[in-house]
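The values are calculated or read from the model by the stated rules, or taken from the named source; none is laboratory data. Source: prediction; values computed, not measured. Note that we place each Cβ from the backbone using ideal geometry, even for glycine, and neighbour counts take in every protein chain shown. Keep in mind that these areas ignore ligands, DNA and RNA; they rest on the heavy atoms of the full protein, side chains included. Shrake-Rupley method; radii C 1.70, N 1.55, O 1.52, S 1.80 Å.
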Amino acid sequence: MLSSAIERRCLQLLAISNSAAIILAAGAAKILYIDFGLGVSQAHVMYLVPSCILALIVHYAFKQFGLHSISSLTGPTLSLDRVATALSLSFLTLLGGMYLSKVAEDYSRGWFLIWFVFSATALVLIRWCCKRSLRALTMAGRLRRNVALIGTAEFTDTIKAELEKESPSLAITVACLPTREAGDPETDMAAILALKNQMRTRGIEQVVIAMPATDQLRIRAALRQLAPYSQEILLCTEPRSYPVPVHGSKAIGRFRAEVASPVPAAETDRLEKRIFDVVLATFGLVTILPLMLIVALLIKLDSPGPVFFLQRRYGRNNQVFRIFKFRTMHVAEDGDRVDQAVRHDARVTRVGRFLRASSIDELPQLINVLIGDMSLVGPRPHALVHEESFEARLDLFSLRRRVLPGITGWAQVNGCRGETTTLQSVEKRMEYDLYYIDNWSIWLDIEILARTVTTTLRGAY
C-alpha cells in the first residue's frame, strides 16, 4: 500500500514543481521579451515579486480545483480544463491586485502574455510527467486506495469481489455485521466504532454501506455514526449487476430510476463544439490545400480511378452519410461486403501505401466536418456492414452513435487504430469511445488533437 507519507511527498513535489515552473517562466519571459526583445535593462527582482505571489495564488487555486490530489493525477486525462481555468483565474487575480495597487503600468503586457503561455506549457508538462511516474508506481503495486465496506457478509463479499475485479490495487477493509434483519445493536455498534477508528488512522478514502434496504434502522445507525467524517459514503442495497452501465440515478416521485443513457455533454454544448470544429476545419483546409492538390495529382498518375473514395458510414442518431477519403486502393468497396485493410494488403496502391502510413488519406474528412456530418474529435465511424456486425455482438456499441463521429478520437490516441481483427479489440475501442462521450469537454478535444499529432504519424497500412 502507498503510505500517506509517500502520497504527501508526491503532492508536495508536485506543488514545489508548479511553483518553481511559474517563477522560472516569469524569468524566462522577462529575458526573452524585455531583455532581448525590447532591449530594456530592468532588475530581475522587479519580476520575482509578482511571480512568487502568482505561485502562491496558483497553489491554492489548484487545491480548490482538485488538481493537487492523487486521484486527479491517476485519471486518464491531463485535466486541461481545470488547469486552464485555475491558471487564468490566478492571473486575473494577480492583475486585479496589481491594478488596485497602481503598479500594473510598470509591467509590459507582452511580458504578461508570454509568462502566461510559458506557465501553462510548463504546468501541463509537469502534470504529464507526474502521471507517467504515478502510472509506474501503480503498475508496481505501490499506489493503492483504501476502501472500507460495512454490512452483512453476503453483501460485503459480493461488493469486495467486484471492487477487486475492477481495481486490483485497492486496499479493502471489511466490517461485517450479523446476517439477520434486526441485527444486534451492540454488535453493530462495535463494528462501526472499529471502522471509525480505522477511518481516523488508516486514511480510508471511501466507505460503502452494503446491506438490504429492509435493514433501515441499521443503515440509519451506520450513516449517523459515519456521516461526521469527510470521506465519501456510498449506499448499496442491491448487490447485483445491471445489464447496462448506469450514470447515477434520478427520483421519479418516491421511486428511484437509474440513468442508463444520459444526454451527452457534446450534445448539450453542441454550438460550442460546432464552432470549434468549423474554425479549425476551415483553417486546416486552407492550410493544406496545396498538399491536397499535390496528393490528388499523384493519385491520378499512380492508378486509374477517382481521387476520392466515398463510403457510407453511420453518423449521429443513425443518420447515414458518405465519408471522404483519398483513394488508397484499386477497389472502392461499399456494399454488403467490405474487407478491412490488412498489413501488406495487395489492394493498396503505391501512393496509397504512403498516404495510409502518414494518415494523409484522412485529410478530406475535414470536408465532412464543415458539412456537419462529422466532428474533428469523436468515435471513428466504420463501414455500415462492420458497424452492424459489431452492434449485433456488443450491446453497447450503438451508444457510440449518440454524437457525431470524428476524424480522430480517444480510442485512437490510446492505441486503438488500424484493423479490428478480434471482438476484444472492438470492445476495447468501444470502451474508450464511451468514456469520451461521457466525459466530453472542449479541453478533452484539444488534448486528443494534440496527442493525435504524434500517434497518427505511426500511420495505418
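How many of the residues making up segment 127-157 are part of a helix (DSSP H, G or I) and either modelled with pLDDT of 95 or more or small (Gly, Ala, Ser) (or both)? If you could, list the steps in order and put the result at the bottom.
From segment 127-157, those part of a helix (DSSP H, G or I) are 127-139, 153-157; that's our starting set.
Checking the rest, the ones that are also either modelled with pLDDT of 95 or more or small (Gly, Ala, Ser) (or both) come to 133, 136, 153.
Within segment 127-157, residues that are part of a helix (DSSP H, G or I) and either modelled with pLDDT of 95 or more or small (Gly, Ala, Ser) (or both) number 3.
Are there any pairs, at least 6 apart or on different chains, whose C-beta atoms fall under 8 Å, with the first in segment 358-372 and open to solvent by 30 Å² or more (accessible area, probe 1.4 Å) and the second at pLDDT below 95 and assigned to a loop (DSSP other than H, G, I, E, B), and if so, which?
Ser358/Gly459
Considering only segment 348-435, give the helices (runs of 4 or more DSSP H) lying wholly within it that have at least 3 residues that are within 18 Å of the chain's Cα centre (by Cα) and within 30 Å of Glu272 (Cα to Cα).
410-413
Under 6 Å between Cβ atoms, at least 6 apart or on separate chains: pull out the pairs that start in segment 32-45 with a residue that is without any contact (Cβ under 8 Å) to a residue 40 or more places away in the chain and end on any residue that is of a type in the set (Lys, Arg).
none
Can you tell which of Val295, Val279 is without any contact (Cβ under 8 Å) to a residue 24 or more places away in the chain and either part of a helix (DSSP H, G or I) or open to solvent by 50 Å² or more (accessible area, probe 1.4 Å) (or both)?
Val279
Does Phe276 fit the bill of being out of contact with any Gly (no Cβ under 9 Å at 6 or more places or on another chain), closer than 30 Å to Asn368 by Cα and aromatic (Phe, Trp, Tyr)?
So Phe276 fits the description; yes.
Looking only at segment 261-291, count how many residues are in contact with a Phe, Trp or Tyr (Cβ under 8 Å, 6 or more places away or on another chain) and hydrophobic (A, V, I, L, M, F, W, C).
The number of residues fulfilling the criteria is 2.
In segment 213-237, which residue that is among the hydroxyl-bearing types (Ser, Thr, Tyr) and under 22 Å from Gly248 (Cα atoms) is most open to solvent (accessible area, probe 1.4 Å)?
So the first thing to find is which residues in segment 213-237 are among the hydroxyl-bearing types (Ser, Thr, Tyr), and the list is 214, 229-230, 237.
Retained after the next criterion (residues that are under 22 Å from Gly248 (Cα atoms)): 214, 230, 237.
Details: Thr214: 95, Ser230: 118, Thr237: 36 Å².
Applying the filter and picking the extreme gives Ser230.
When the residues of segment 309-323 are filtered to those that are open to solvent by less than 50 Å² (accessible area, probe 1.4 Å) and not in a strand (DSSP E or B), which remaining residue is farthest from Arg380 (Cα to Cα)?
Once the filter is applied, the top-ranked residue is Arg316.
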